[in-house]
Amino acid sequence: MALRCPIVSVLGHVDHGKTSLLDKIRKTRVASREAGGITQHIGASEIPIDVIKKVCGNLLQMLKADLTIPGLLVIDTPGHEAFTSLRKRGGALADIAILVVDINEGFKPQTIEAVNILRQCKTPFVVAANKIDLIPGWNSKEGPFVLNFNEKNQHPNALTEFEIRLYENVIKPLNDMGFNADLFTRVEDITKTVCIIPVSAKTGEGVPDLLMMIAGLAQRFLEQNLNLNVEGHAKGTVLEVKEERGLGKTIDAIIYDGIARKGEYLVVGGPDGVVISKIKALLKPKPLDEMRNPRDKFKPVKEVVAAAGVKIAAPNLENVIAGSPLRIVPEDKIELAKEEIMKEIEESTIETDDE
Ligand code: GDP
């Protein structure tokens, strides 16, 4: 059975560098052409495992594990509003999270909030200790952190300053919240200790290490309880409802399981029950080199396989709201899908009442 990419979300306090880090991750390039590159989805970016392997090179030996996941699907919208609104039955849509903490500022209210949300959702996470380029005397450069973290490249005072900030601003606050945490190179079991990966979204230092550790964490949890098998018809969550020129109201969605096919039916939760609509088109972003007309941003596809971000054009989407669960099914499965969606909506209402 095919495995899907684990879905990755980015959380953290405002201004600690979530957007910058996502931009840097999306710009990850490999020198060799045959490895391909990052694929832009609707609302997400896919980093194929070949790219991660090329970018990490020898670093990967640190993981002591073979990577069988096909890559990572990183959600483009950071922050905990996106994280909590993107749900699937039984929890968060994201399988793994990156908590961004400014290593110089340390934990702030939204950092604590994010950790509490991740704990509640039982979402495994790594910490990206960002802005290491601002550590006094730090000589930051693009590429793996492990190659730059030594007495040859750093002044002893900068190394001392790094260790102080790492402990005081990141490890200690995590310990205070009940988590074991350490610099990723010092972690024995990544399922028991939160890995901290020092990065700079400005210079790109540490981005290979970060990608490696997310992939490694997903791989370890796959061996334990993370189900990445792609099974049956498409299940997804609405990211956004958008008016598009020439298409009318469309929905942007993340498909987290199954396969969606053109000509099938969309079954999606609305405020007054369930909306059923025959799909006109499943759309993906047009690669830049195929985009002749800037208004012509999307290209229709025959099918979409999880995990993926997709735009769905269909009639009657006016009342659909972000965060709603959806299914894409053939005509004879509409009733079943409708029941599933109603059950999901009911369950999520009970949850909110309890809060
Ligand atoms: P967000 O609110 O968490 O998404 O943070 P942003 O990505 O918007 O970053 C906030 C500010 O910090 C911006 O001015 C960025 O240019 C800056 N910034 C982000 N990452 C780094 C970094 O690694 N080093 C430095 N020096 N500045 C950074």
*Taking interchain pairs and intrachain pairs at least six residues apart, which have beta carbon atoms under 8 angstrom, with the first residue in segment 159-180 and on the phi < 0 side of the Ramachandran plot and hydrophobic (A, V, I, L, M, F, W, C) and the second surrounded by 17 or more Cβ atoms within 10 Å (Cβ to Cβ) and part of a helix (DSSP H, G or I)?*
Phe162/Ile132; Leu174/Val115; Met177/Val115; Phe179/Val115
*Go over the candidates Asn169, Asn153 one by one and state the one that is of a type outside the set (Gly, Ala, Ser), within 21 Å of Leu210 (Cα to Cα), modelled with pLDDT of 95 or more and touching a Leu at 6+ places or on another chain (Cβ under 9 Å).*
Asn153
*asked:* Can you find, within segment 1-27, the residue that is farthest from Ile117 (Cα to Cα) among those that are among the polar types (S, T, N, Q) and over 12 Å from the mean Cα position of the chain (by Cα)?
replied: Ser20
*Can you name the number of the only condition in (1) among the small types (Gly, Ala, Ser); (2) surrounded by fewer than 18 Cβ atoms within 10 Å (Cβ to Cβ); (3) under 15 Å from Val8 (Cβ atoms) that Gly232 fails?*
(3)
*Report, by residue number, each residue of segment 1-12 that is more than 7 Å from the ligand (Cβ to nearest atom) and not polar (S, T, N, Q).*
Met1, Ala2, Leu3, Arg4, Cys5, Pro6, Ile7, Val8, Val10, Leu11
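Residue-wise test of (1) within 16 Å of the ligand (Cβ to nearest atom); (2) at pLDDT 95 or above; (3) assigned to a helix (DSSP H, G or I).
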residue	(1), (2), (3)
His16	yes, yes, no
Thr19	yes, yes, yes
Thr28	yes, no, no
Arg33	no, no, no
Val55	no, no, yes
Leu59	no, no, yes
Leu67	no, no, no
*Can we say Ala322 is touching an Asp or Glu at 6+ places or on another chain (Cβ under 7 Å), surrounded by fewer than 18 Cβ atoms within 10 Å (Cβ to Cβ) and of a type outside the set (Phe, Trp, Tyr)?*
yes
*Do we find a residue being more than 16 Å from the ligand (Cβ to nearest atom), surrounded by fewer than 20 Cβ atoms within 10 Å (Cβ to Cβ) and assigned to a helix (DSSP H, G or I) anywhere in segment 98-114?*
no
_Positions within segment 131-158 being in contact with a Pro (Cβ under 8 Å, 6 or more places away or on another chain) and in contact (Cβ under 8 Å) with a residue 60 or more places away in the chain, in sequence order_ = Ile132, Gly143, Pro144, Phe145
_Output for segment 169-203, where each listed residue is farther than 16 Å from Ala218 by Cα, outside any helix (DSSP H, G or I) and within 16 Å of the ligand (Cβ to nearest atom)_ = Pro198, Val199, Ser200, Ala201, Lys202, Thr203
*What's the number of the condition Leu226 fails, among (1) surrounded by fewer than 19 Cβ atoms within 10 Å (Cβ to Cβ); (2) modelled with pLDDT of 95 or more; (3) assigned to a loop (DSSP other than H, G, I, E, B)?*
(2)
*Going by the conditions given, is Lys18 under 20 Å from Gly143 (Cβ atoms) and of a type in the set (Lys, Arg)?*
no
*If you go through segment 134-151 one residue at a time, do you hit one that is on the phi > 0 side of the Ramachandran plot, within 14 Å of the ligand (Cβ to nearest atom), buried (at least 19 other Cβ atoms within 10 Å of the Cβ) and part of a loop (DSSP other than H, G, I, E, B)?*
no
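The values are calculated or read from the model by the stated rules, or taken from the named source; none is laboratory data. Because the structure is predicted, anything quoted here is derived from the model rather than measured. Cβ coordinates were reconstructed from backbone atoms using ideal geometry, including for glycine residues, and neighbour counts include every protein chain displayed.
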